[in-house]
Each structure stands twice: as C-alpha cells, then as structure tokens.
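Have a look at the structure below before the remarks.
The values are calculated or read from the model by the stated rules, or taken from the named source; none is laboratory data. It should be emphasised that the depicted structure is a prediction, and the values quoted were computed from it without experimental measurement. Here the Cβ is made from the backbone with ideal geometry for all residues, glycine too, and neighbour counts use every protein chain on show. When the accessible area is computed, the model is the full protein with side chains, heavy atoms only, and any ligands, DNA or RNA have been set aside. Shrake-Rupley method; radii C 1.70, N 1.55, O 1.52, S 1.80 Å.
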Amino acid sequence: MKKLIIIVSIAAVLSGCTSTVNTDSNGGNNGNNSIPKAEQGFAEDFKPVSQYPISKDMVELLFLNSLSEEQVIVPSASTSLPEINEENAMEAAMTMLGVKTDWPKDYLSPDMPAYTKGKINGWNTGGRGEYDIFILIDDTNREDLDEYIKNLKDNGFKENNRAYEKDAFTVKLQFNTDTVLQISSYRIEGMKWPEMLSFIPPLTKGYLVSIEEPAGDVSYGTLYFKGLTKADIKEWEEKLIAAGVTIDSGEYLKENVEYNGKNCRFSAFFDSAAIDEWGLYFSFE
C-alpha cells in the first residue's frame, strides 16, 4: 500500500491536473483577485490530487517545493514516469521535487546550532532571496524546541518579539502540527549610505535596512538600523565630531549644509524602537 501511495502521488505531480477556476488574461482569477498568480496556480493545479491517499510527508514536500516556484509547470499527459520501486520511490520523489534534507548551514548564521532532534523533512528558500530559509522538522516536540532555544541563546541570539536575532540573522520557530516544527531564518541585506548625507561620515556598524528620504516640500527623513548598539553609536559620534558636527543633548547639528540648492542647517537624533533597532531622524532647516 505504501508503494502505491507514493507512486500515485508522484504520477499526480508529473501528469498535472485540470484547473477548476477560470483565469483572466493577466493570470489572476475572476473570483478572487487578491491571491497572487503563483499561489493561485499552485492551489488550482494540485487541487484534484486530494482524491488520492497522499501521505503527510508528500504534502510537506509539495509545500516546500512551491516556496521557490514562480509559476506551476504542468507537464503534458505524455510525460513518461521514471522507473520506480519501493526502495527508491521516496528518494526519487524528493529529487524530482527539489527537496533538500541536509542542514543548510551555508545559508544560516554561523552561530546557529543545528537542530538535532527529530528528522529534517526538507528545506527550501522563500521569496526574499537565497538567505530566506524554511526548514521542516518532523518527530519533534515542545521539550526539544525549548532545549534548542536555550542553545540559540547560549550562542548569542537575543529574543525580540517572539523571534531570535543575532547580527544580520533573524530566526523564527513555530509548530505547524503537534510534531512538525517550522524553522524560518532570514538574513538582512544592508543598504548603502544615502548620497544626500555624504557630508557626514557614514555609520558602518549595524545594518541600514530602510531609508525614508525627504520628498517634495518635506525636509525631514529617517534611516532605520538593525543590529546597532549604543557602543556603535558612541563610536560614530566621535567621527561626527571630527567632521565638524556639534552634539548637544543627543542632537547632531551641522551648519551650512547644501540641500536642494539651498544653504541649510542639518539636525538629527536617534530613537530606539527595540533592543538593537534604531531610527536616525534628520531634517534640513
């Protein structure tokens, strides 16, 4: 029976299924325009598979594979099936679906310990790049997770809003079922120091994750940082002073700065949103 389940599941994936929802010329569906094309396509094309007795493992494999697909590829009905026997059926299925079952250490923080309890059902990348990782762990429980969280903290990860952060990495942990744990990891990609603030030394510590530049009649903006400490800011302030910036009660001031063709007074200050999250608020007057 196990052999039949796996072979039927693979055949369903390879042969494709008929969509039951009409789509418009732009790829959306007429009944629900809020669902992205790729997600709707995946849901439509695999809906008829529910009539087969697919195992829980295969459902998870399909989910993992869908994370990296921009659109569903539906083979023709003449697509030939590979030679499959009971010994190599699951290995063949995982290979065809592109599922990886090793610990993806090259895409995680070097200080993130491997999860050694249970078994890895597979991992894949998400929609924000190769360092956006989803890992599914089966046959584990809350006690195993508590032990893993302790290991994370021992390796320097700090808890912040139900996530665990260190340097550029953020790790989230959640149970999808009583025994299936999902580990999600994401690495921040820092932005370049904005040209409009080139008259002061760039802050090179931490990660600049967002820039709100002045626009139109607005003369103020904000730089958002993660992984920044008070010591980092203190070190930067010494560079500001050397560059002619005056610091008064936490406010940074510099006269005779050119902005939009005008001679302006620059002022800025930091405000903290979380343990290592800071906003540098600045204005031109």
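On inspection, LEU62 passes the criterion of being within 23 Å of the chain's Cα centre (by Cα), at pLDDT 55 or above and surrounded by 13 or more Cβ atoms within 10 Å (Cβ to Cβ).
With the requirement that a residue be open to solvent by less than 70 Å² (accessible area, probe 1.4 Å), touching a residue at least 60 places away in the same chain (Cβ under 8 Å) and more than 17 Å from THR140 (Cβ to Cβ), what does segment 167-177 give you?
Restricting attention to segment 167-177, the residues satisfying the condition of being open to solvent by less than 70 Å² (accessible area, probe 1.4 Å) are 168-171, 173, 175, 177.
Then drop every residue that is not touching a residue at least 60 places away in the same chain (Cβ under 8 Å), which leaves 169, 171.
Selection gives PHE169 alone.
Number of residues in segment 244-259 that are part of a loop (DSSP other than H, G, I, E, B) and either free of Cβ contacts under 8 Å to residues at least 12 places away in the same chain or β-branched (Val, Ile, Thr) (or both) equals 3.
Out of segment 154-163, which residues are surrounded by fewer than 14 Cβ atoms within 10 Å (Cβ to Cβ), modelled with pLDDT under 95 and not in a strand (DSSP E or B)? Correct list: GLY156, ASN161, ARG162.
Quick one: which residue in LYS192, LYS166 is under 23 Å from GLY227 (Cβ atoms) and either of a type in the set (S, T, N, Q) or modelled with pLDDT under 90 (or both)? Please lay out each step first, then the result.
On the way: LYS192 fails: either of a type in the set (S, T, N, Q) or modelled with pLDDT under 90 (or both).
Of LYS192, LYS166, the one residue that is under 23 Å from GLY227 (Cβ atoms) and either of a type in the set (S, T, N, Q) or modelled with pLDDT under 90 (or both) is LYS166.
Residues in segment 114-130 that are touching a residue at least 12 places away in the same chain (Cβ under 8 Å) and open to solvent by 50 Å² or more (accessible area, probe 1.4 Å): how many? So that I can check it myself, show each step before the final result.
Narrowing segment 114-130 to residues touching a residue at least 12 places away in the same chain (Cβ under 8 Å): 115, 117-130.
Among the residues that remain, those that are also open to solvent by 50 Å² or more (accessible area, probe 1.4 Å) are: 117, 119, 127-128, 130.
Within segment 114-130, residues that are touching a residue at least 12 places away in the same chain (Cβ under 8 Å) and open to solvent by 50 Å² or more (accessible area, probe 1.4 Å) number 5.
Is one or more of the residues making up segment 98-105 farther than 16 Å from VAL171 by Cα, surrounded by 15 or more Cβ atoms within 10 Å (Cβ to Cβ), aliphatic (A, V, I, L, M) and touching a residue at least 24 places away in the same chain (Cβ under 8 Å)? Yes, because at least one residue in segment 98-105 is farther than 16 Å from VAL171 by Cα, surrounded by 15 or more Cβ atoms within 10 Å (Cβ to Cβ), aliphatic (A, V, I, L, M) and touching a residue at least 24 places away in the same chain (Cβ under 8 Å).
So which of SER283, SER267, SER272 is open to solvent by less than 90 Å² (accessible area, probe 1.4 Å), of a type in the set (Gly, Ala, Ser) and within 27 Å of the chain's Cα centre (by Cα)? Steps first, please.
Details: SER283 fails: within 27 Å of the chain's Cα centre (by Cα); SER267 fails: within 27 Å of the chain's Cα centre (by Cα).
Only one candidate qualifies: SER272.
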